[in-house]
Each structure stands twice: as structure tokens, then as C-alpha cells.
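Novice: Below is one structure. I have some questions about it.
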Amino acid sequence: MRKQRLNLVFFLHAFVLMTNHYHLVIETPDANLGKIMHYLNSSYTTYINIKRKRSGHLFQGRYKAILVDKDSYLLELSRYLHLNPVRANMVERPEEYSHSSYCSYISNSKDKIVVTALLLEMLSADTKAAKERYKTYVESVQGEELTSPLEEVYGGIMIGNEYFIRSVLSRLADNQLERTEVSHRKGLRTNIGTEEIIAAVCNHYGVALAEIAGARRSQPRNMLIYLLKKQSGATNAEIGEKFGGISYSAVAKISKNFSKQLIRDKALQREIKKIQQQYSIFKG
């Protein structure tokens, strides 16, 4: 169901409540996960404090959020989460555990909390057949040492195929990875070496770095600064040194202006893509 509390709208696709932690598979149409998690955690803490006649914090540390490519990983992730109680030896079968959404996926009971349609429709357009297939899908790996899909998390914040990760990274604002809430942000920004990007731009324009760096206000120069800032691990100061010692703020300004130009210039977007095809955002 579509849940709304204090104007916080989200879809809950799956959940598992363990003894000292919990997992939620949440879709947030309004991109307000932080507010949603604050509401859920604070509300539950208040409930427990009143019920147990206690006070203070209930949860330790900040929640960890991972963006999931639903087409490639969501089904596998839901199975892994629903089998958590089995792996923890709390029950023998996942349907025996009452504090998860698994029964909503395999039974005819109507759950007003969980939205099952997205996952079930991946298996069959017929709901009954989809429930049977989901049960078979989960049971097919019971007793096996299942590899966690979370081991494939990229940069600490997302799971997906190469196209999905490229798409997400391309939409990140220039300064977004600097925010303290983004864990492993350094890892995200060091997957492409500066030399790889410089070589790709120089090769594309058929000129040396010295020529690009010396041509003030030229498109190749601004493009290279933009790419180095957005996709390498170099700091503004390090980028500035490659262009004759321009200032930290100058690098930021050039990158920001080029980003605005890129939004409205389709030809420039195509040119950027050609250059980016010469290197990969993945190590190895």
C-alpha cells in the first residue's frame, strides 16, 4: 500500500525484523528517505520508551541506505533478506518467521503494509502463479551457503549493472559526493585515474595536455576540468595544478558552468559520451 504519514510517501516492498537490526526495501517517489527513516526510527523509539517505561535512544548509529537496480538485483535481494531468519537459525523455514514480509508473497492473505506487485510481476502476470514461483525461487537455495548480493555494492551506496551505475553517477551533482552522508565517497571518485581522463580528452581533440591547459576559456579545457572534477579522485587543488595553478574556486566555477552548458547542449552531451567510452568507471 501507499503509506502517508506527515506527507511522507513511500512504498514498502519487503521487510525483515531481526533481534538487533532490521532490513527494509523501500521505494521513495519523493526522494526523501532521510525524513522517512527519521520518522520510523523516532516513532518506534517513542513507542518502546512508553511501553517499557524507559528513556533515551533505541538505535545505535545511522541507518545504511543502498540504492538498488530493481531490474537486476531486487528479486535476488528480497530472497536473501527473507532467508535471514533461516540463516540465523531462528526458524527452519522462512514462512515460520512472523516478523517479515515473506508470507505476504506466498499466501493469499492481504497485507496492508507491503506492496508485493512489483516483485511478483517479475515472475508472472498471474498473481497466483507468481506467488508459487516466488516460493519456489526462495526454497531453491535453502540449505545453500548463499552469497549476499550486498557484497556487490558499488562505492558503498548502490547495487546494479554497469549501465545502472553509470546512469546514477552521471546524475549526481558535482558536489554531491562531498556530502558527509555519502559513505565511501572517496571510493566512488577514485575509480578513474586522472591520466585516463586526460588521455581520452587529448586523444579526442588530437592535442597535447599543454595545448589544452594553455587555451583559456576553450571548450576542451573546460570539458577536461569538468570530467576530472566529476569522475576522478583529484581534488580541486590537484586539478588546478594541471592547468597552470588556477585556484580551487576557479576549478569549481568552470566545472559548474560547463555542467549547466551540458544540460542544454545535446551535441556536447554526445561528445562527452564519446570521450567517456574511452575509459571505464570500473577498476580492472
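The values are calculated or read from the model by the stated rules, or taken from the named source; none is laboratory data. Just so you know, these numbers come straight off a predicted model, no measurement behind them. Quick reminder, even Gly has a Cβ in these numbers, built from the backbone with ideal geometry, and neighbours come from all protein chains shown. To get the accessible areas, we keep the full protein, side chains included, count just its heavy atoms, and leave off ligands, DNA and RNA. Shrake-Rupley method; radii C 1.70, N 1.55, O 1.52, S 1.80 Å.
Novice: Students often forget the sequence filter, so: which lysines lie under 30 Å Cα-Cα from Lys53 once same-chain residues fewer than 8 apart are removed?
Specialist: Those lysines meeting the cut-off are Lys3, Lys35, Lys64, Lys112.
Novice: Taking the dipole about the Cα centre of the chain, with the C-beta of Lys and Arg at +1 and of Asp and Glu at -1, give me whichever of Ile212, Ser43, Val138 is farthest to the positive side.
Specialist: Result: Ser43, furthest along the dipole toward the positive end.
Novice: Sorted by average packing, counted as other Cβ atoms within 10 angstrom per residue and highest first, what order do 260-266, 113-119 take?
Specialist: 113-119, 260-266
Novice: Ok, one more. Residue by residue, what Karplus-based ³J(HN,Hα) values in Hz, rounded to whole numbers, does the range 212-218 have, using 6.51, -1.76 and 1.60 with θ = phi - 60° and x for Gly and Pro?
Specialist: Whole-Hz 3J(HN,Hα) from phi for the range 212-218: 5, 5, x, 8, 4, 6, 7.
Novice: In terms of Cα to Cα distance under 23 Å, which lysines are near enough to Lys230, apart from those fewer than 8 places away along the same chain?
Specialist: Cα-Cα hits under 23 Å: Lys186, Lys242, Lys253, Lys256, Lys260, Lys266, Lys273, Lys274, Lys283.
Novice: Quick one: with all protein chains in place, what share of the accessible area of the range 78-123 is carbon or sulfur, to the nearest percent (1.4 Å probe)?
Specialist: 48
Novice: Could you tell me what a quarter of the Cα convex hull surface of the chain works out to, in nm² with one decimal place?
Specialist: Averaged projected hull area, Cα only: 19.2 nm².
Novice: Alpha carbon centre of the range 195-241 versus the range 53-79: separation in Å?
Specialist: What the calculation gives is 39 Å, centre to centre.
Novice: Oh, and also: Please report, ordered by residue number, every helix of the chain (full DSSP H runs) that is 24 Å or longer along its axis going by C-alpha atoms and whose mean Kyte-Doolittle hydropathy reaches 1.0.
Specialist: none
Novice: Once you charge only the Cβ atoms, +1 for Lys and Arg and -1 for Asp and Glu, what is the size of the charge dipole of the chain about its Cα centre, to the nearest 20 debye?
Specialist: The dipole magnitude comes to about 1320 debye.
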